[in-house]
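What follows is calculated from the coordinates using simple rules that are stated; it is not laboratory data. If you're wondering where the values come from, they're calculated on a predicted model, not measured in any experiment. As a convention, Cβ positions derive from the backbone with ideal geometry for all residues, glycine included, and neighbour counts pool all protein chains shown.
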Amino acid sequence: MQYFVTGATGFIGKRLVKKLLARKGSVVYFLMREESMGKLPDLLEYWGVSKSRAIPVCGDLRSPTLGVSQEEIRSLSGHIDHFFHLAAIYDLKADADEQMAINIDGTRNTIALAAAINAGCLHHVSSIAAAGLFEGIFREDMFEEAENLDHPYFASKHESEKIVRSEYKGAFRIYRPGMVVGDSHTGEMDKVDGPYYFFKLIQRIRQILPPWMPTIGLEGGRINIVPVDYVVDAMDCIAHQPDLDRNCFHLTDPEPMRVGDVLNTFARAAHAPTMSLRINAALLGFIPRSVKSGLMALTPVRRLRNAIMKDFGLPDDVLQFINYPTRFDNRDAVAALKGSGIKCPRLEDYACRIWDYWERNLDPDLFIDRTLRGQVAGKVALVTGGSSGIGLAAARKLAEAGAITIICGRDEDKLAAAKKEINDRGFDVVTYRIDVSDMTDCDRFVQRLIEDHGGVDILVNNAGRSIRRGIESSFDRFHDFERTMQLNYFGALRLTMGLLPKMIEKKRGHVINISSIGVLTNAPRFSAYVASKAALDAWTRCAASEFADLNIRFTTINMPLVRTPMIAPTSIYQNVPTLCPEDAADMIAQAIVDKPVRIATRLGILGEVMHALLPRVAQVIMNTSFRMFPDSSAAIQDGNKKAPQMSADQIALQQLLRGVHF
């Protein structure tokens with residue numbers, strides 16, 4: 001037999017062609033745009049045949065008679081036994097005009113070609129969308145009864161089927177597949193569509209909650225899902241049976257599941273929490289349309305909805321299909337398939353394969369470059385306090401990743417040494433001398449950065465000063481609080497606010513503020529340091545809210561104790577477990593790549609929760625550490641640089657509270 005197929009390179013078409021070619025002596029002609037001819041070798045390899053059995057025909061769905069030449073029409077005339085029309089747009093997110101052009105005009109051009117070559121039987125692949133949002137059972141012999149066709153996808157599928165029914169004079173058969181998902185054996189799928197839209201939501205819930213945690217969800221209407229292999233097998237079987245012309249066949253699941261059951265099935269496949277309590281979404285129908293419209297007209301509500309939909313990759317109108325009202329009777333398809341062994345498998349039997357394939361191949365996160373190089377290459381990155389410690393380690397990483405790396409500091413000799421170290425590794429860094437605690441110097445530096453580099457894309461506010469001294473030892477040292485605030489808070493703010501206008505102009509930017517675990521745990525003896533970092537944290541939260549819609553991100557890193565020159569004067573830290581600068585630089589790299597609102601250790605978060613829920617208990621723990629560890633030699637002006645011998649209690653506590661400032 002000889003076949004002609006449109007949409008042969010598509011998800012269903014490619015598999016149908018392979019099925020047709022499996023028939024002995026079969027030859028398949030298929031429509032292919034000239035610019036897509038480069039795909040031909042891969043297609044032939046997939047089908048396992050030579051060009052003599054799978055023959056491309058140049059054309060375009062938008063052109064009359066599909067743009068097929070008159071010479072080609074003459075050679076095909078009278079030789080095509082079956083003409084399969086699969087080329088169409090099956091996507092809720094597609095542009096409305098494009099859907100109309102491809103689905104409607106494409107179908108009209110297709111039947112013109114089928115008539116011109118006197119094809120034996122036209123097999124039109126429609127969709128259950130042709131029924132619109134019909135309330136009740138939609139039979140295979142129903143068509144005009146379709147309701148609520150306002151959506152362009154529904155309208156285009158209905159109109160294209162109408163064209164075949166009313167305008168084509170030859171023999172035809174119509175197939176209405178349900179919502180087609182991946183192969184039930186391999187899970188293979190070529191795009192995110194239908195229930196796949198909710199996979200990212202399931203994945204996020206899994207990341208947050210353990211599998212045993214009960215959740216609340218929606219019940220919804222019944223959604224008809226079928227795997228692509230069932231659709232292909234059924235079409236191939238029905239197409240080759242006699243006496244079925246001018247009939248329509250629903251290739252659907254005879255026992256469709258409700259939306260809530262579908263989501264739970266995929267949640268179990270993903271090892272995510274299932275919705276133990278489900279609210280019937282039909283209840284939302286009792287809310288007057290005017291009330292819902294009024295609510296969505298509120299700017300905060302609308303923007304929040306849009307942000308959530310965008311984050312999860314959901315089409316704007318997908319929620320209106322939660323209460324899908326249509327059931328599909330498929331008795332004619334079942335009768336035609338009787339004795340063939342072809343039937344729609346149950347979703348729970350293959351959902352794990354669908355999920356696995358999506359997570360390995362289609363998850364949008366897989367296509368995001370999550371390497372540091374992918375985020376910073378060619379971008380200008382400034383690290384304050386970059387001549388030593390955390391700043392130098394971060395600068396090395398940025399330079400090696402291809403960023404135009406800038407470091408600044410007060411000591412020109414240290415800056416020169418840092419530059420030499422990075423140069424010796426085969427990379428470069430730009431250095432500037434600046435005192436971040438001097439507001440005039442900050443303004444001069446910002447102007448220089450704009451003149452030399454056009455501003456910065458990434459700002460790491462790392463320069464800081466830490467003072468370990470109890471309040472009782474600070475009654476006559478108010479200047480400690482002033483100079484700490486001047487550098488850690490006002491200096492960081494002066495630079496950030498100076499560089500923000502250029503970020504606003506470019507509509508991009510990322511500010512990373514190196515804060516402290518002490519802000520979360522309220523570490524004793526660090527009141528000056530923690531207060532300055534807490535002020536910076538609070539300002540950052542305010543700024544993040546103001547610039548959220550301008551593509552300018554802010555990240556706070558509540559850094560645990562790191563072994564740097566800043567903590568060297570405190571001899572007790574010689575025996576306390578700390579991070580190395582390279583570990584801290586990894587946290588900065590993570591912030592640049594993932595752009596979270598905050599990065600903190602589990603212990604830091606626990607400390608914050610303790611202070612929020614059990615403040616008295618948290619105070620007792622912190623007071624215990626305060627009394628157990630003495631002031632530093634510098635604080636008590638002892639001059640003894642040797643680390644004191646630690647008691648068993650001290651060792652146990654500092655191991656329990658690793659990374660916390662003592």
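Things to note:
- Averaging the Cα positions of each part gives two centres, and for the range 212-227 and the range 489-544 these lie 43 Å apart.
- Under-5 Å amide H pairs with Y29, H placed in peptide plane, nonlocal only: Y3, F4, V5, I55
- Counted by neighbouring Cβ atoms within 10 Å, the residues D476, D356, D236 run from fewest to most as D476, D356, D236.
- Put in order of Cβ neighbour count within 10 Å, fewest first, the listed residues E505, E421 become E505, E421.
- Computed from phi, the 3J(HN,Hα) profile of the range 68-81 under the Karplus parametrisation 6.51, -1.76, 1.60 (θ = phi - 60°) reads 6, 5, 4, 5, 5, 4, 5, 6, 8, 4, x, 10, 9, 7 Hz, with x in place of Gly and Pro.
- Least to most buried among C58, C442, C542 (fewest other Cβ within 10 Å first): C542, C58, C442
- Rounded to whole Hz, the Karplus (6.51, -1.76, 1.60) HN-Hα couplings of the range 128-136, x for glycine and proline: 5, 5, 5, 7, x, 10, 5, 8, x
- For the range 523-530, 3J(HN,Hα) computed residue by residue from phi via the Karplus equation (6.51, -1.76, 1.60; θ = phi - 60°) reads 5, x, 6, 10, 4, 5, 5, 5 Hz, glycine and proline entered as x.
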